[in-house]
Amino acid sequence: MSTLTVNTSPGGGTITGTYTVTTPPPPGGYPLTYLVTEPSGTCGAGFQNGIRGRGSIAIAFADVAGAHLSRDGGKTWTPVRDGMGDANKLRDSGAVSTADQRTWYVAYNGNAAGEDITGAGVTANGILKATLSPSGAFSAWSLVAQIPGGWASAGNDRQALDTKAAKDSGHPRETGRGIEIDEPRGLLYKASWDGVWRVGTDGTGLTRIWGAGNSITGMCLDPNDSHVMYVSVDLGPKVGVWRIVDPHSTVSAESGITGATMDYPQDVCAVKVGSQTHVFVATGKAIQGASATWGVAYHPPGAWTSGWRDITGNLVADESIADVRPTGIDVWVNGDGTMSLAASHAYDTTPGGNGSRIWWCFGWSGVGVPSWKRPSDATVKYNLGGDGELWWFRKKQPTFMPDKPGFDSRPCFLDGNTILFAGRSGIARYRRGPNQLEVVNEGLQVTYAWDVVCSRTNALQGVHNDTDWGALRWKDGPWSQPIMGTSAFEGSPAKEVNWGGHVSPDGVWSFASGEGGAGSVKTTTSLFVDNPTYTDETGTGSNQPPAGEYRGCCTWGTGAGMVVLAAHQNGKIYRKVGTGAGGAWTVAAEWGALAKQGRVLFATSGDAVAACNQSSGLYRSTSKGASGSWSTLATGSSGSITSGHVKADRVTSGRFWHVRGGGVYRIDAGAAPVRVGASSITQAAWVGCYRRPSTGLNELYVVENGSNRLWRSRDDGATWDNITTQSFRHATGGVVRGGDITIDGVIDLACQAAYCLTLIDPDTAA
């Protein structure tokens, strides 16, 4: 039994009640009104590219997880991705709001493959808009303007590389001040690889105003004079920092304000003290050159062609210059006219680096060099929520914590006595009062969530399969902080990608993992004890499969009679009878090599098994996957990596349900797939089944990607009800990759960069 606090508003809104989840559901079902959708509580985090706000309101933008909103100064977060489509393709690089923080704009940098980003033909880079109402509701994002030129990255990146091709390789992760607003004039400015663009807040008048052929890393308007803009450039003919006059009309003048410390600047900010402007720059270093200085540069009020001061001070006293790139800077004016500063820099790959990725100082007068503080000067906490539980990611990747070298901090913003740092493992918050640096990732979503597998005997047990970090088990409901597995999932994240899992009626849990040619299939019957033990099935037995990645698996039985099926990246399905070394492997089927993200999903019903892969096809065996028992039901592509799901019917033995090519199909024993459902279901990406105890009948649920709709059928697919709500659209983010339904009717979906918990009471729904 566990307690769940649910809020129905997509932005977090009003708390409607606390419900006790039991097995089976209480008489009459859960006391829910139609549909309630909430994030699962799995605080995965991941790379955060941008963060802006003031006071209690802040918005963070992730590398792949889209936007998150905080109303309590960054302590907790709520996904606000509706309208973003596949957030992975956005590569958000910055945000800005109107003065009242009711209208928000986010800069995105497109996708290298030129893919449709929002579902509306948006394939390049540009600006999105959303609104935050006084009641706390966040609207869907909509397109303001698309910047020409396709893949036009902007902002700093992880490595100091001197060509566009090199800079765009791997994870671009553009960050910094990629967008600025001139609210009185109704204008927006967007940084790009190809200069600064200007557009009206209504989307009209798009034009490039300055810096064609230059990579813009940051920009800000002068708080003392809106006729002036400061721009930092790290690649192109205008490398350095520039003062641009009249960007709102026509650029009438530009002044280079570069100096010795201005090689490859990564961020720029300005602040008004009295009637004067102070400018700060996070400076880079010469590409492949260790002789140039780097750190933080400061320009006091004065002539703009000279006068820069190096205020790096003790920032680099105990670090090597190699592979270090300052990337973020922010400033705050205190009531007494002094300034407080926050700074960050990118990932330090130097062996033995001390991990000081973030710094701060308070109450600097502008005279002399600030005395910078760092994580070692504060208390560091890795707890989430109020239960004192250590964040699971701290156990998995301790070097990615905010006081360690791998945090890879980029942007930051300072608000009074509080600083929020965005980085590789989420967000860290420093509070001056308690002198405390803490992880604040509660509600932040993960990188890629591929699948969810729920227990068939306990509604509070299940597993989340994640791309980067392996698998997370939960034994007290998916809304609780999950517990990491032990030996099955420890090690390098790059080799522990979990494409999917399976639980048999016999209580055997199996997981397929691997990337970089070092995967395996592991099984356990003790997943929810304090110290579970695992068997590496692919590393034992005779005639072992070759090294490589495994994309799916399933089992029947236990012990010496246990049957194991394992899908290999080479497109072969391997089978053995007997767990561990007692089994002998054979090739049961061969479908052709699988694509990089070509997972195989298995569903079992009695002795029958159905398997699907988005590139190969749909297959069925009547004899636990034995060689010669397979039949091909469909071939070719089912659409994308988010399509091609199969589930066993909870009532009729040997029956399966499948979504493919956007449609919903019923697969009966000995029969070909039959398409069912309304013609309006055209983007089906996931199907789930639930046997309601009160009726004994099967209920089907289908999620559509793109349109982000949720459908339900109570008559085996003959008719369907659209039960989509706005809260569902917000929580899922528009792309569902997998999911499962618990024995008490809780739908747990693995969404694009998120785990989403969906509670449904069909018995009381309108």
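The values are calculated or read from the model by the stated rules, or taken from the named source; none is laboratory data. All figures in this text were calculated on a predicted structure; none of them were measured in a lab. Positions of Cβ are generated from backbone atoms using ideal geometry, with glycine treated the same way; all protein chains shown enter the neighbour counts.
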Is it true that residue 755 is free of Cβ contacts under 8 Å to residues at least 24 places away in the same chain and buried (at least 22 other Cβ atoms within 10 Å of the Cβ)?
-> no
On the given criteria, is residue 685 of a type in the set (Gly, Ala, Ser), assigned to a strand (DSSP E or B), in contact with a Ser or Thr (Cβ under 6 Å, 6 or more places away or on another chain) and assigned by TED's automatic domain parsing to the domain that holds residue 706?
-> yes
Considering 694, 713, which residue is over 20 Å from the mean Cα position of the chain (by Cα), surrounded by fewer than 18 Cβ atoms within 10 Å (Cβ to Cβ), more than 17 Å from residue 81 (Cβ to Cβ) and not charged (D, E, K, R)?
-> 694
Select, from 707, 694, the only residue that is modelled with pLDDT under 85, under 30 Å from residue 139 (Cβ atoms) and part of a loop (DSSP other than H, G, I, E, B).
-> 707
Hits in the range 361-392 (condition: under 23 Å from residue 342 (Cβ atoms) and among the aromatic types (Phe, Trp, Tyr)) | 362, 364, 372, 382, 391
Residue set 629, 707; condition within 23 Å of residue 502 (Cβ to Cβ) and hydroxyl-bearing (Ser, Thr, Tyr); output residue 629
Here the residues within the range 573-604 that are within 19 Å of residue 645 (Cα to Cα) and either modelled with pLDDT of 95 or more or buried (at least 19 other Cβ atoms within 10 Å of the Cβ) (or both) are 573, 591, 594, 598, 599, 600, 601, 602, 603, 604
For residue 111, state whether it is modelled with pLDDT under 70, of a type in the set (S, T, N, Q) and within 16 Å of residue 46 (Cα to Cα).
-> no
Only one residue in 289, 274, 211 is loosely packed, with under 15 Cβ neighbours inside 10 Å, out of contact with any Pro (no Cβ under 8 Å at 6 or more places or on another chain) and modelled with pLDDT of 85 or more, so which one is that?
-> 274
Pick from the range 710-754, criterion of a type in the set (S, T, N, Q) and over 24 Å from residue 46 (Cα atoms), ranking: modelled with the lowest pLDDT | 726
When the range 645-671 is checked residue by residue, the ones that are among the charged types (D, E, K, R) and within 21 Å of residue 452 (Cβ to Cβ) are 647, 649, 650, 660
Given the conditions (1) out of contact with any strand residue (DSSP E or B) (no Cβ under 8 Å at 6 or more places or on another chain); (2) modelled with pLDDT under 75, every one holds for residue 72 apart from (2)
Quick one: is residue 538 surrounded by 21 or more Cβ atoms within 10 Å (Cβ to Cβ), hydroxyl-bearing (Ser, Thr, Tyr) and assigned by TED's automatic domain parsing to the domain that holds residue 500?
-> yes
Residue count for the range 61-83, restricted to those that are over 11 Å from the mean Cα position of the chain (by Cα) and small (Gly, Ala, Ser) | 4
Which pairs have Cβ atoms under 7 Å, sit 6 or more apart or on different chains, and link a residue in the range 603-615 that is assigned by TED's automatic domain parsing to the domain that holds residue 502 and over 12 Å from residue 629 (Cα atoms) to one that is among the basic types (Lys, Arg) and not in a loop (DSSP other than H, G, I, E, B)?
-> 603/647
